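Peer 1: Have a look at this one.
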């Protein structure tokens, strides 16, 4: 059970870190794309694609633009399909608006990354929804940390109740000779045996001294 309560939050934490890393990378690219150089390119194809989710009774259809384009940088030809870093609405009207703005066989400005010309976008820039994956990752990571802390705390309390481990003595308890610290059952037994052996040694030495005087 302890392994379960630690393993599951650990997996969630790993997934959260993935969201944070990928979301931060995507957001940084979106912000940087506003200053990328542009080159004139050709729209190869432009259409509205559909994506259906759910069961037959509650099936939902999302629409998104599917646009492919070609461009050249330093006489090297590239192709791309990234429309925007921004989060667009899955409605048919939003997809149609982007397809109408970039019709097939037209010439449009293509923004490309000067450090990596294979990375390009039609509509540069970011919006506040671009940081949603980062927010989800941070929340999941915090939740996992709290869950693991609670699991360890509960496990320690159970072990203390079973006497498997000894509680950490407080500074006041260790410094007061009249109130010695309390230990677990095993440590109490060992301490009692040590005291009995010490008593036997003391009584034995007293007996020897008495015999020698006689």
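The values are calculated or read from the model by the stated rules, or taken from the named source; none is laboratory data. Please read all numbers here as calculations on a predicted model, not as lab measurements. FYI the Cβ positions are ideal-geometry reconstructions off the backbone, even for glycines, and counts take in every protein chain you see.
Peer 1: Restricting to the range 124-139, count the residues that are crowded, with 16+ Cβ neighbours inside 10 Å and within 14 Å of residue 31 (Cβ to Cβ).
Peer 2: Total satisfying the criteria: 5.
Peer 1: How many residues are closer than 23 Å to residue 108 by Cα and either modelled with pLDDT under 90 or surrounded by 12 or more Cβ atoms within 10 Å (Cβ to Cβ) (or both) when one looks only at the range 11-36?
Peer 2: Initial filter on the range 11-36 (closer than 23 Å to residue 108 by Cα): 29-36.
Applying the additional criterion that residues be either modelled with pLDDT under 90 or surrounded by 12 or more Cβ atoms within 10 Å (Cβ to Cβ) (or both) yields 29-33, 36.
Count: 6.
Peer 1: Let me ask something else about it. Sort out which residues of the range 27-36 are out of contact with any strand residue (DSSP E or B) (no Cβ under 7 Å at 6 or more places or on another chain) and either in a loop (DSSP other than H, G, I, E, B) or free of Cβ contacts under 8 Å to residues at least 40 places away in the same chain (or both), and write them in order of number.
Peer 2: So the first thing to find is which residues in the range 27-36 are out of contact with any strand residue (DSSP E or B) (no Cβ under 7 Å at 6 or more places or on another chain), and the list is 27-32, 34-35.
Of everything in the range 27-36, those that are out of contact with any strand residue (DSSP E or B) (no Cβ under 7 Å at 6 or more places or on another chain) and either in a loop (DSSP other than H, G, I, E, B) or free of Cβ contacts under 8 Å to residues at least 40 places away in the same chain (or both) turn out to be 28, 35.
Peer 1: Output the strands (runs of 3 or more DSSP E) that fall wholly within the range 57-162 and possess 1 or more residues being touching a residue at least 60 places away in the same chain (Cβ under 8 Å), or say none. Before the answer, list the steps.
Peer 2: On the way: elements: 60-73, 76-80, 107-113, 116-121.
Here the list reads 107-113, 116-121.
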